[in-house]
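The structure appears right after this line, and notes come after that.
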Amino acid sequence: MVSPRTRSGSVQVKGHESACCGMFFLKYVLYIFNFILLISGIGIAALGVLTFMIHRYMGLIEGHFDPLIICTYLLLGTGAVVILLTFTTGCCATCRRSRPCLMLYSVLLLFVFLLEAGTGILAYIYETNVRTVLVSRLHDTVMQKYSEEDYMRSSVDNLQTYFSCCGEKSFEDWKDSSWFSSHQNIHNGSVPDSCCKTPTVACGVNVHPSNINTRGCIFGYESLIRLQLIVIGGVGLGLCILQIFGIIFACCLAKRVQKRSGTWNGQKG
């Protein structure tokens, strides 16, 4: 026979759990949060992959420590961490309602928060300096490396074809390049054939505006990279808000678990 004290105690616990910040509420909020976090992780990783795929001419941005490359690597790394976090610690902490697991989950969410914030801030810092960096890189590529490296030549040709552009700031840049007087210029063209509006063999000989693109590539390329950095920065900083809610809910649930454990130990005593 259940004593009135026990019955009233069970009613109190049940009412306590059904409250706004009760155990049941926080548990199912974390289930929903984990699902949203998983979707965001897949989206972050997909954005990182897309950034690489768009840059068929990524060779123009050299060095593994270039800010755009770092931002892309951080996106891929953050996406992978988020996906693993939801499948391992997130599910374990929510299902088992273990206070140590929930606290570990909160710490890992804080780590993800820092990764996303760092990615967003770096992207916005680089976005303000992208013109200076690109002018230097494109100048070096057009003036020297186009005639020396096959990969760079292919990258510049792709760039000029994709953006319908020619040279760094204008088609006249090619006259001062090492390619202009090199053996690579086999048809004695004034510009590479990729500058032509309809690229064909030796079409770069005729530099009339009706035949070639006269606008420099820096303008279209800069717009593309600015757009990518703005998107990366917006995604990184925007998802930081999601992590804050996750940390709050996980800590609240951990606190409820601790209180409930203390109540049970008191009743047993």
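Backbone phi angles across the range 33-38, fed through the Karplus curve with coefficients 6.51, -1.76 and 1.60 (θ = phi - 60°), yield HN-Hα couplings of 4, 4, 5, 5, 5, 4 Hz in residue order; Gly and Pro are listed as x.
The relative contact order of the range 79-228 comes to 20 percent, based on Cα pairs under 8 Å that sit 6 or more residues apart. Here His187 sits with roughly 80 square angstrom of accessible surface, probe radius 1.4 Å. Straightening the chain between Glu222 and Gln258 buys 7.6 nm, computed as 0.36 nm per residue apart minus the Cα-Cα spacing.
The stretch between Cys92 and Ser154, if pulled fully straight at 0.36 nm per residue, gains 17.4 nm over its current Cα-Cα span. In this rough spin-label picture, where each label sits 7 Å from Cα along the Cβ direction, the Asp140-Asp176 distance is 1.7 nm.
Heavy atoms only, probe 1.4 Å: what % of the accessible area of the range 135-181 goes to carbon and sulfur, would you let me know? Please list the in-between numbers first.
Numbers: 1000 of 2310 Å².
C and S atoms contribute 43 percent here.
Each Lys and Arg Cβ is given +1 and each Asp and Glu Cβ -1; about its Cα centre, the range 96-217 then shows a dipole of about 760 debye. Mind grabbing the accessible area of Lys145 for me, 1.4 Å probe, Å², rounded to tens? Counting only protein heavy atoms, the figure is 40 Å². Amide H contacts for Asn185 (H built 1.01 Å from N in the peptide plane; partners 5 or more residues away or on another chain; cut-off under 5 Å): none found. Accessible area per residue for the range 70-226, computed on protein heavy atoms with a 1.4 Å probe, is 48 Å². Database remark: amide H of Arg215 closer than 5 angstrom to the amide H of Cys166 (H placed geometrically; neighbours at sequence offset of 5 or more, or on other chains; Pro and chain starts carry no H). Would you mind getting me the FRET efficiency between Val201 and Val49? Use the beta-carbon distance for r and R0 = 45 Å, nearest 0.05. Efficiency at R0 = 45 Å is approximately 0.80.
The values are calculated or read from the model by the stated rules, or taken from the named source; none is laboratory data. Everything numeric here is computed off the predicted structure, so don't read it as measured data. Positions of Cβ are generated from backbone atoms using ideal geometry, with glycine treated the same way; all protein chains shown enter the neighbour counts. Accessible surface is based on the protein model in full, side chains and every heavy atom, while ligands, DNA and RNA are left aside. Shrake-Rupley method; radii C 1.70, N 1.55, O 1.52, S 1.80 Å.
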